[in-house]
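Before any comments, here is the structure.
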Amino acid sequence: MANHTSSEKRYRQTIKREERNRYYRTRIKNVVKAVTGAKSKEEASEAFKKANRYLHSMVSKGVLKKNTAARKVSRLSAFINKTA
């Protein structure tokens, strides 16, 4: 355990940040699965719109890097185009 006041505070902040990021990462997986697991192309494209918006909001929060979100969006878009 930490001995200094400042390191105790950093420890508390790290725990909060880990919990928050765990929630965000789980949500990212779920929005991606919603697109890939959609029954129809229309349902997939609606889920894709939500996923695209969510992934880019995670970039602005600092959870994802910009290129990571762009890569995920690109792969989801290619998946939707492939399922005709």
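The values are calculated or read from the model by the stated rules, or taken from the named source; none is laboratory data. From a predicted model like this one, the values you see are computed outputs, not experimental measurements. No Cβ is skipped: glycine too gets one built from the backbone with ideal geometry, and neighbour counts run over all protein chains shown.
Looking only at segment 46-84, count how many residues are farther than 22 Å from Glu18 by Cα, surrounded by 14 or more Cβ atoms within 10 Å (Cβ to Cβ) and of a type in the set (Ser, Thr, Tyr).
1
Between a first residue in segment 41-52 that is on the phi < 0 side of the Ramachandran plot and a second residue that is of a type outside the set (Lys, Arg) and exposed (fewer than 13 other Cβ atoms within 10 Å of the Cβ), which pairs have beta carbons less than 8 Å apart while being 6 or more apart in sequence or on different chains?
From residues that are on the phi < 0 side of the Ramachandran plot, the pairs are Lys41/Thr83; Lys41/Ala84; Ala44/Thr83.
Please enumerate the residues belonging to segment 47-84 that are modelled with pLDDT of 95 or more and among the charged types (D, E, K, R).
Matches in segment 47-84: Lys49, Lys50, Arg53, Lys65, Lys66, Arg71, Lys72, Arg75.
Can you tell me which residue within segment 11-39, out of those that are of a type in the set (A, V, I, L, M, F, W, C) and part of a helix (DSSP H, G or I), is surrounded by the fewest Cβ atoms within 10 Å (Cβ to Cβ)?
For segment 11-39, the residue satisfying everything is Ile15.
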